[in-house]
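Engineer: Before I ask anything, here is the structure I am working with.
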């Protein structure tokens, strides 16, 4: 397991992550890229704890995702199954589990203040924190082939991964109002949503 983790995690995060996996009886599956999620946690019918994480994530997002999912397991085991999946109990657990990793030996110096700020009140996904998501994307191995919604000129047409077409509108507080061309329905997009510019 240690050798496998070395491929996906920052070097000094391997041993503590291995310890977390062992301590909490995690069955870790590293899976092919999924568009809709970075990872997930499930308690299997036989009582085992399965965590899946996308193999396509860069090592810093992989670490955050792995600890995020372990925090679900620990929060459920500590507080019971009736808690909200991303409620206060999970947030406190996630913060507690992440603290040993938020240091310059694990994360690059340019990421540390953004990560520290994120963990004051962690979100349900690192992707919903636009600042953190964009900062993490800088460490992706493959070259970015899409645009972020915030980069597009107002009124431009863009396509999602599933082929749906939208027209970019005004910014409302933090998100952008965009109209789906086929239905005329209004949707709100995070500034860091990756899309393909059509025109």
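Engineer: State whether the stretch 1-66 is rounded, prolate or oblate according to the following rule on the C-alpha gyration tensor (a ≥ b ≥ c being the square roots of its eigenvalues): a/c under 1.5 gives rounded; otherwise a/b larger than b/c gives prolate, and the remaining case gives oblate.
Structural biologist: The shape class here is oblate.
Engineer: A follow-up question, please. Sort 52, 183 so the one with the fewest other Cβ atoms within 10 Å of its own Cβ comes first.
Structural biologist: Least crowded to most crowded, the residues run 183, 52.
Engineer: Moving on to the next point. Please give the length that would be gained between residue 177 and residue 164 if that part of the chain were fully extended, namely 0.36 nm times their separation in residues minus their C-alpha to C-alpha distance (nm, one decimal).
Structural biologist: 3.2 nm
Engineer: Each label point is 7 Å from the Cα along the Cα-to-Cβ direction; what then is the distance between the points at residue 82 and residue 27, in nm?
Structural biologist: Inter-label distance under the simple model: 2.9 nm.
Engineer: Then there's this: Please give the helix 14-23 orientation as an angle from the longest Cα principal axis of the chain, in degrees from 0 to 90, rounded to the nearest 10.
Structural biologist: With both axes taken from Cα atoms, the answer is about 70 degrees.
Engineer: Compute the helix-to-body angle for 88-98: its Cα long axis versus the longest principal axis of the chain, expressed 0 to 90° and rounded to tens.
Structural biologist: Computed tilt is about 70 degrees.
Engineer: For the pair residue 92/residue 151, report the inter-label distance in nm, with labels modelled 7 Å from Cα in the Cβ direction.
Structural biologist: According to this spin-label approximation, the distance is 4.1 nm.
Engineer: Also, I was wondering about something else. With angles folded into 0 to 90 degrees, how steeply does helix 59-79 sit against the dominant principal axis of the chain? Use alpha carbons for both and round to 10.
Structural biologist: 60 degrees
Engineer: Can you classify the stretch 147-197 as rounded, prolate or oblate using the Cα gyration tensor, where a ≥ b ≥ c are the square roots of its eigenvalues, rounded means a/c under 1.5, and otherwise it's prolate if a/b beats b/c and oblate if not?
Structural biologist: The shape class here is oblate.
Engineer: Something else: Given the Cα-Cα distance of residue 48 and residue 7 and 0.36 nm per residue of separation, how much length would full extension add, in nm?
Structural biologist: 12.3 nm
Engineer: Sort 18, 158 by Cβ crowding within 10 Å, fewest neighbours at the top.
Structural biologist: Least crowded to most crowded, the residues run 18, 158.
Engineer: Order by neighbour count: 146, 27, fewest other Cβ atoms within 10 Å first, most last.
Structural biologist: 27, 146
Laboratory data are not the source of any read-out in this text; all were calculated from the coordinates shown. These numbers come from a predicted model, not from an experiment. Ideal geometry is used to build each Cβ from the backbone, glycine not excepted, and the neighbour counts take in all protein chains shown.
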